[in-house]
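J.: Below you will find the structure I want to go over with you.
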Amino acid sequence: MPDVLRPSRWLAELVLASNARAAWPLMKKATAIEAALCRRFGVTPVPLEANAKVGASRSVRDGLMPINGLRHPPSEGTSGWFIWAGEDLSDAPDFFVPLHVEHLIEWRPEVLPYLALPPGSRFLIAQGYEDVWADESLLSP
């Protein structure tokens, strides 16, 4: 992972913040890192709103690896992101739970730099590994 994307002081501050609401202003520091990641992959950033929601599997909070994400177009307060951890993506109706983006600070802060990737993006991160790619099927209704 390039140095610009390594967890840095802003990430440590996020983790140490007393709660998600107090940490949200610190996330603004992530903007430059998100922009650098998007530039590296040749895409235009599509930032999230502070109150947007993601679909997250409970395994994200459990510390499993790898971490996977895919982004559909945002709609009605959702970011379009679905994030899960581990090897398997389940089709169980309760696999994803709605989670405000600000709570990802507590659950899995290392995904934050990827959240400005545009709709139609996917990522997979693991110890010493990163992959980001476009998946046009995510843009179809």
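J.: Going through segment 78-103 one residue at a time, which ones are touching a Lys or Arg at 6+ places or on another chain (Cβ under 6 Å) and surrounded by fewer than 20 Cβ atoms within 10 Å (Cβ to Cβ)?
T.: Within segment 78-103, THR78, PRO98, HIS100 meet the criteria.
J.: Can I ask one more? Across segment 68-101, what is the number of residues that are among the small types (Gly, Ala, Ser) and within 14 Å of the chain's Cα centre (by Cα)?
T.: 4
J.: Let me ask something else. If GLU106 passes every condition in (1) of a type outside the set (S, T, N, Q); (2) under 13 Å from the mean Cα position of the chain (by Cα); (3) open to solvent by less than 60 Å² (accessible area, probe 1.4 Å) but one, which one does it miss?
T.: (3)
J.: Hey, among the residues in segment 40-62 that are among the small types (Gly, Ala, Ser) and in a loop (DSSP other than H, G, I, E, B), which one's modelled with the lowest pLDDT?
T.: We begin by selecting, within segment 40-62, every residue among the small types (Gly, Ala, Ser); these are 42, 50, 52, 55-57, 59.
Remaining after also requiring in a loop (DSSP other than H, G, I, E, B): 42, 50, 52.
Numbers: GLY42: 96, ALA50: 65, ALA52: 87.
That would be ALA50.
J.: Filter segment 63-76 down to residues that are open to solvent by less than 60 Å² (accessible area, probe 1.4 Å) and in a strand (DSSP E or B), then give me how many there are.
T.: Of the residues in segment 63-76, 5 are open to solvent by less than 60 Å² (accessible area, probe 1.4 Å) and in a strand (DSSP E or B).
The values are calculated or read from the model by the stated rules, or taken from the named source; none is laboratory data. As the structure is a prediction and not an experimental result, all values here were calculated from the model. All Cβ positions, even for glycine, are placed from backbone atoms using ideal geometry, and neighbour counts span all protein chains on display. For the accessible areas, the whole protein counts, side chains as well, though only heavy atoms, and no ligand, DNA or RNA atoms are used. Shrake-Rupley method; radii C 1.70, N 1.55, O 1.52, S 1.80 Å.
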